[in-house]
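The values are calculated or read from the model by the stated rules, or taken from the named source; none is laboratory data. Just so we're clear, the structure is a prediction, and the values are computed from it rather than from any experiment. We place every Cβ from the backbone using ideal geometry, glycine too, and count neighbours over all the protein chains shown.
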Amino acid sequence: MFVSCGHSFGGLMLRRVINMSRCTLCNAEIEAGSLVPNYALRAAASAVKNEDDRRLFHNATLRKRRKEIGDHADFHEETTRVDDIHIHNILMVTESTNETLRIGENGDIAAADGLHRGVQYPFAVNEKVVIKGNRRTQEKFVGKEAIITSQCLNGWYLLEIIGSGESVRLQYRSLRKILNSEAIEDRCASHPIQNSSSQ
């Protein structure tokens, strides 16, 4: 409400101004009968409240949808419409953890609940990885096998290069898991079969 001096008050402050019969800002005398509604402020407050309510409803709907998706198993596809843009995601439920992962168009993996655990920390400590690198990775590390010694912030890992023992800090995007078949082939190649028969 506008008071006679031109200032606008609402709620508890308006009660205080009416009880004191003085403006708390300019200390001018106020007449209780001269109050005028502030329609612009009401409209702005209503718009903000509606926007907050819409956002809360939207977030609740997303949480419900994510929960329903988490209940499904195996692979399936989901298309999400966001501002007239269709985003195509492939969802996968891992059998060991029963966690829903989202594989984006660029191949990044994210947890379907919106948290980025799957993206930022896809590797475990003491896991063996291959450094695939990027343009900022030193060439001497690209293609080398390493063991993750610790997790750092924002998806960074501290690695120890197998063989040289050097330590390097790289982000998850620069690493690739070693599959079991690759590890077996590497062991076979590094340990050639020796003929034990005497000649």
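Results, tabulated for the structure shown:
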| read-out | value |
| --- | --- |
| Tabulated pairs, the stretch 1-19, first of a type in the set (S, T, N, Q), second not in a loop (DSSP other than H, G, I, E, B), C-beta under 7 angstrom, 6+ apart or interchain | 4/34; 8/2; 8/41 |
| Every pair of residues 6+ apart whose Cβ atoms lie under 7 Å, when the first sits in the stretch 42-67 and is without any contact (Cβ under 8 Å) to a residue 24 or more places away in the chain while the second is surrounded by fewer than 10 Cβ atoms within 10 Å (Cβ to Cβ) | none |
| Selection from the stretch 24-41 of residues that are assigned to a helix (DSSP H, G or I), touching a residue at least 24 places away in the same chain (Cβ under 8 Å) and out of contact with any strand residue (DSSP E or B) (no Cβ under 7 Å at 6 or more places or on another chain) | 34 |
| Matching residues, the stretch 151-174, being among the aliphatic types (A, V, I, L, M) and touching a Ser or Thr at 6+ places or on another chain (Cβ under 7 Å) | 158, 159, 170 |
| Search result, residues across the stretch 8-23 that are farther than 24 Å from residue 44 by Cα and assigned to a helix (DSSP H, G or I) | 19, 20 |
| Which numbered condition residue 163 misses (of (1) under 30 Å from the mean Cα position of the chain (by Cα); (2) at pLDDT 90 or above; (3) under 16 Å from residue 127 (Cα atoms)) | (1) |
